[in-house]
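Notes for the one structure printed next.
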There are 2 protein chains.
Amino acid sequence: MNDMTPTLFDFDVETGASKTAEPIARPLSTLKGYFADEDAFNAAVTEDDAMVYEYFDMGVPETSGNVAYGTTRIRPGKIGEEYYMTKGHFHTVLDTAEVYYCLSGNGGMMMETPEGKVEWREMKKGDAVYVPGRWAHRSINISDSEDFVMFFAFPGHAGHDYGTIETKGFRKLLVERDGKPTLIDNPRWQG
Amino acid sequence: MNDMTPTLFDFDVETGASKTAEPIARPLSTLKGYFADEDAFNAAVTEDDAMVYEYFDMGVPETSGNVAYGTTRIRPGKIGEEYYMTKGHFHTVLDTAEVYYCLSGNGGMMMETPEGKVEWREMKKGDAVYVPGRWAHRSINISDSEDFVMFFAFPGHAGHDYGTIETKGFRKLLVERDGKPTLIDNPRWQG
């Protein structure tokens, strides 16, 4: 029997930061291999191992009756022409969904299925994207100055499969071309 | 196999309102029997069947791999000394949780277990309350002027048991005494 008691945590509705919980930090050096332009990546890490994103793991039990939740905050920046982004992942239990609700900034969600369907949804403050089960997903900040902040929730038993994306990558990349976010084929994608 | 495609809906981060989806409305007349002061309730309904709360049902499939989500918006007001509130419910699959994230206003969550544990958590903008499985929950607006708005998420298969609360009520009521929110025993609670 579940004998959890209710909890309260705070997440700033602009920045996503919490006074009562500590985020997991993902500085540039933890994203080796994720950006297409490796020279630009190496130069950037050497110059300054800047923060790319942070998110919370609230330690909710990993069962289907629970809902993992928290905020994620992606900083503005680019490596070469590719925007700052999260690693991206499938859920280990593949057919589990996730909902993201944008609190501030301008970015979006890159999604793809194992069968090769690809969707990009741009998001601004107030937009909620529902990532259905089976869709890998990556958050991308397309602003050149503002953080991209979202509240997220997913089934407790979902689990995270980072390995598939780490090995194969996403089929598409989101890059800045002529000052605009542009979807291109990933030249390094491993089919 | 799940063949849903990703969706995007908007929910204003202050008001919870959506330009792309319609909320479910709960005016006063739909809450007959929920407030302790029946004379005050009847007088209020006769005078003006005011809106008490609205929430969204986004039609997410009712399976454990999905996450139902949306916003809820509770207006300010009282019936007698009792604050405007939602009906409150257990989940049909009792051991399923729900997370609420406050976007604006000042209110809170009344919670109780079948065994009689009671918890009240006051919330303001930026506070997230995790309602674990087995806890009935009701949202209450304690501001006298502002809407109380939250983003919520719960497992798709949770279901709603409104009947238990409709019949028995919650063990405690939240009323205004000397201008302050005060927890009192529910004189009509059916044990």
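The values are calculated or read from the model by the stated rules, or taken from the named source; none is laboratory data. What you see is a predicted model; the values in this text were computed from it and never measured. Counting neighbours? That spans all protein chains shown, and the Cβs are built from the backbone with ideal geometry, glycine included. Side chains are part of the model used for accessible areas, which takes the heavy atoms of the whole protein and leaves out ligands, DNA and RNA. Shrake-Rupley method; radii C 1.70, N 1.55, O 1.52, S 1.80 Å.
Across the range A:84-180, Cα pairs under 8 Å and at least six residues apart give a relative contact order of 40 percent.
Taking Lys and Arg as +1 and Asp and Glu as -1, the other residues whose beta-carbon sits under 11 Å from that of B:GLU176 total -1. Here's the list of aspartates and glutamates a cross-link from A:LYS168 could span, going by alpha-carbon distance under 18 Å and ignoring same-chain residues fewer than 8 apart: A:ASP37, A:GLU38, A:GLU82, A:GLU112, A:GLU115, A:GLU119, A:ASP185. Net charge in the neighbourhood of A:LYS78 (other residues with Cβ under 12 Å of its Cβ; Lys, Arg +1, Asp, Glu -1) is -3.
The mean number of Cβ atoms from other chains found within 10 Å of a Cβ in peptide B:147-154 is 3, as a whole number. Peptides B:129-139, B:27-37 ordered by packing proxy, namely the average of other Cβ atoms within 10 Å per residue, highest first: B:129-139, B:27-37. Considering the range B:23-185, its Cα convex hull presents a mean projected area of 8.9 nm². Dipole orientation for the range B:23-185: of the candidates B:GLY159, B:GLY88, B:THR182, B:GLY159 has the Cα lying most toward the positive pole (charges on Cβ; Lys, Arg +1; Asp, Glu -1). For the range B:1-65, the relative contact order works out to 32 percent when only alpha carbon pairs closer than 8 Å and six or more residues apart are counted. Excluding ligands, DNA and RNA and using a 1.4 Å probe, chains B and A jointly bury around 3900 Å² of accessible surface, summed across both partners.
A straight Cα-to-Cα reach below 20 Å connects B:LYS19 with the lysines A:LYS124, A:LYS125, residues fewer than 8 places away in its own chain not being considered. Taking the longest Cα principal axis of chain B as reference, the axis of helix B:38-47 is set at about 70 degrees. Between A:PRO181, A:PRO61, A:PRO155, the Gaussian network model of chain A with springs among Cα atoms under 10 angstrom shows the greatest mean-square fluctuation at A:PRO61. Using a 7 Å projection from Cα along Cα-to-Cβ, the label point at A:GLU115 is separated from the same position in the remaining copies by 4.6 nm, smallest value first.
With the full set of protein chains in place, find how many percent of the accessible area of the range A:152-191 is carbon and sulfur; take the probe as 1.4 Å.
It is 46 percent, rounded to a whole number.
Mean residue ellipticity at 222 nm, helices only, chain B: -2000 deg cm²/dmol; runs of at least 4 DSSP H residues each add -39,500 (n - 2.57), and the sum is divided by the number of residues.
Debye sum, Cα scatterers, the protein assembly as shown, no solvent: what log₁₀ I/I(0) at q = 0.11, 0.12 1/Å? One equal scatterer on each Cα of the protein assembly as shown leads to -0.77, -0.89. Loop-located GluC sites (Glu not before Pro) in the range B:67-123 (DSSP state not H, G, I, E or B) with no more than 16 neighbouring Cβ atoms inside 10 Å: B:GLU81, B:GLU115. In the context of the full set of protein chains, chain A has a per residue accessible area of 42 Å² (1.4 Å probe). Averaging the sequence gap over all C-alpha pairs within less than 8 Å and six or more residues apart, then dividing by the number of residues, gives chain B a relative contact order of 23 percent. Electrostatic tally near A:ILE24: other residues with Cβ closer than 10 Å to its Cβ, Lys and Arg +1, Asp and Glu -1, net -2. Over 14 Å apart: what share of the alpha carbon pairs of the range A:127-191 falls there, rounded to a whole percent? Result: 70 percent of Cα pairs exceed 14 Å.
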